[in-house]
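Structure, as C-alpha cells:
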Amino acid sequence: MPIKPPTKGKSPVDVHLRPSLDGVTPGPAIRPGFPNTPPAPHARPDVVSTPSVSGGGRVSPVPSVSLRDATPVIESGPGPEAGQRPLDAYHVPAAGRLTDIDAEGFRSFKGRQFAEVPGQGIVQVGADPQTGLIRARLPRELNPSGPVLERGSDGRVWHPLEEFATQRYRIPDPRTDADATLETVSRPDGDEGRLRHDSSDDEFVLASESMPIKPYTEQELGTMRQEVRYLFLGNRLGSYHRANNGKYPLRDTFGRPVRIRKLETVATLTTGERFRSGPIKPYIQFEGYENVARLYEEKLELRIFTEADVKVPGEKALIGQNMVVANRRIAKGEALGLYGGTLSPLRLIRRQEQTFTMLAGMYLHYGPGKFIEEPVVIIGDNIISRINTNFEYDASGKPVRQSPDGYNVQTVGFKVEADMLIGDRLVNRPYVLNAMFASQDIPAGTELRWNYSYSDREMKLIFP
C-alpha cells in the first residue's frame, strides 16, 4: 500500500482490509476525537428520539470530543506497533494440505486462511478488528497481532507493510461539541445495513443546478463503480481522476464503501459559526456515481497552474501542478463537497506519500498496560483534496510558514458513524467527515485556497 498524507504556505501549494474467518471482537473503536485521558472501550450510545431534528431521524447523544487540539505530532523513523513480533515468528510449517490460492489470494484449511509471504513462507492471517486490514496471526490468537500484509502484484505473495512514525496531515477548522447530535440516515424496509449494489437507497435529495458538464466517458462511469484497492502510484502529486468524485466519500483500502449510517446535524466552530449537515447530504448519496460527481463539477473546475496564476515568486514551483477554481459564482457559506478518499492508519503511510492525508479519527487499541492512540486519516483523491494553500516564502523562494490569510474556503468536520466491512461482518465505527464550505463570496474563475494549518515544525519537515 503505503498510503499517503498532506502539505502547506503564503501561496498555494498542490500538496496537495481482509479477514480471518474467526469472529470479530468489538474491542476499542476508532474515534473522531482526542481526549486528554485514556477512554474506556467504545460503547454504543443510547438512542433517543428528538422531534426537533429535521427528517424525524433518530438522534444519538455524542460524547464530548473536540478537534481543536488535534495537532499532528511529528517524529521520524520507522514506528512499528509496540511489542510486535517479526513476520518470521508467524510462519507455520510447510502446509501440503492447504488449498490452492483462491481469487482473494489466500490458501485455506478447515475454515482458516493462510497467505504466502516472501521467502516461500506461509502464515495464518486474519482481519484486524479495527481497520479491516490483513495481518499475520498466531494459531491461538483471537485477533491477529502480526505485521499488516499487502497482496503483491503477482496475486500470490503477500508483503509486510513498513510502519512509520512521521505524522503529517491536514485538519479541519477548530470546533466545539456544543449540542452535538447524530441523526440516523433513513433506509428503506428490507435494508439490514449490508452493502448494496442494486440501487441507491439513501434518502438524500440532489441539489443540482443543471450546469453544463462535460459528459463522462464509459471508462469514467465504470471507474466510479469499481472497488479497487488503494495504490499510491495512482494518487501522486499532480495526479487527478475526475471519476473519483463519483465514488463514495469514505472507502476502505479495498475500495469498498464505508457507508455512513449517522451524521451530525450541526457542527459548531470555536469562532461560534454553526454549519448544518443538510447541504452536504447530496454528496453522501450511496451509489450516486455520476449524479454526485456532477455536483462537484457544477461548482468546481480543476485545471493546470500556469505562470499567469503566480501571485508571489515562490509560487513558480506550482506551475504545471493542479489548481481548483470556481466554475461559477459561489456564495459565502455554500457547501462545495467532501474530502473523499481512502481510510487508513497513518502509521502505514510513508512521509513522501502524505501529501493528501487529512485527519478522519483516532484508532484506539490496547497496549502494554494502557490505551494507544493512532491517527486514522483519509487519503484524498477527489477534487476537494486538490485545493491549494498559501505559504510565506524566504528570499530564496523556499516556503517557510503557513500564511495566516488569503483563504476563501474552510473545512468543517462533522462526526459520523459508518459501517466498515471487517471479514464477513459490518462493524460500526465513528469518524470525522470533512466538508468544504465557502468562507466568502467567490467569483467564477477564482482559485480556491484553503488553510492546511501546518505548524512551523511541519513546514521544516516538508521543506527541509
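The values are calculated or read from the model by the stated rules, or taken from the named source; none is laboratory data. Keep in mind the model is a prediction, meaning the values are calculated, not measured. No Cβ is skipped: glycine too gets one built from the backbone with ideal geometry, and neighbour counts run over all protein chains shown.
Answer yes or no as to whether Ile383 is at negative phi and at pLDDT 95 or above. Full working, then the answer.
Details: at negative phi: yes; at pLDDT 95 or above: yes.
Taking the combined requirement at face value, the residue satisfies it.
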Residue check, Glu374 against (1) under 23 Å from Pro174 (Cβ atoms); (2) buried (at least 24 other Cβ atoms within 10 Å of the Cβ); (3) acidic (Asp, Glu), all met but one. Which one?
(2)
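So, Pro404, is that one in a loop (DSSP other than H, G, I, E, B) and over 18 Å from Ile284 (Cβ atoms) or not? Talk me through it step by step, then tell me what you get.
Numbers: in a loop (DSSP other than H, G, I, E, B): yes; over 18 Å from Ile284 (Cβ atoms): yes.
Yes.
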All but one of (1) surrounded by 16 or more Cβ atoms within 10 Å (Cβ to Cβ); (2) modelled with pLDDT under 65 hold for Glu203; which doesn't?
(1)
Have a look at Pro404, Pro430 and point out the one that is of a type outside the set (S, T, N, Q), surrounded by fewer than 19 Cβ atoms within 10 Å (Cβ to Cβ) and at pLDDT below 95.
Pro404
Go over the candidates Glu290, Glu227 one by one and state the one that is surrounded by fewer than 21 Cβ atoms within 10 Å (Cβ to Cβ) and in contact with a helix residue (DSSP H, G or I) (Cβ under 6 Å, 6 or more places away or on another chain).
Glu290
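How about region 310-337: which of its residues are more than 28 Å from Gly397 (Cβ to Cβ) and crowded, with 19+ Cβ neighbours inside 10 Å? Break it down stepwise before answering.
Kept after step one, since they are more than 28 Å from Gly397 (Cβ to Cβ), are these residues of region 310-337: 327-337.
Scanning region 310-337 gives Ile330, Ala335, Leu336, Gly337.
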Using beta carbons and a limit of 7 Å, which pairs, at least six apart or on different chains, have the first residue in region 237-256 and at pLDDT 95 or above and the second one among the polar types (S, T, N, Q) and outside any helix (DSSP H, G or I)?
Asn244/Asn382; Asn245/Asn382; Arg251/Thr342
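Taking the criterion of being at pLDDT 85 or above and crowded, with 18+ Cβ neighbours inside 10 Å, would at least one residue in region 163-181 satisfy it? Talk me through it step by step, then tell me what you get.
Step one: list which residues in region 163-181 are at pLDDT 85 or above, which gives none.
No, there is no match, as no residue in region 163-181 is at pLDDT 85 or above and crowded, with 18+ Cβ neighbours inside 10 Å.
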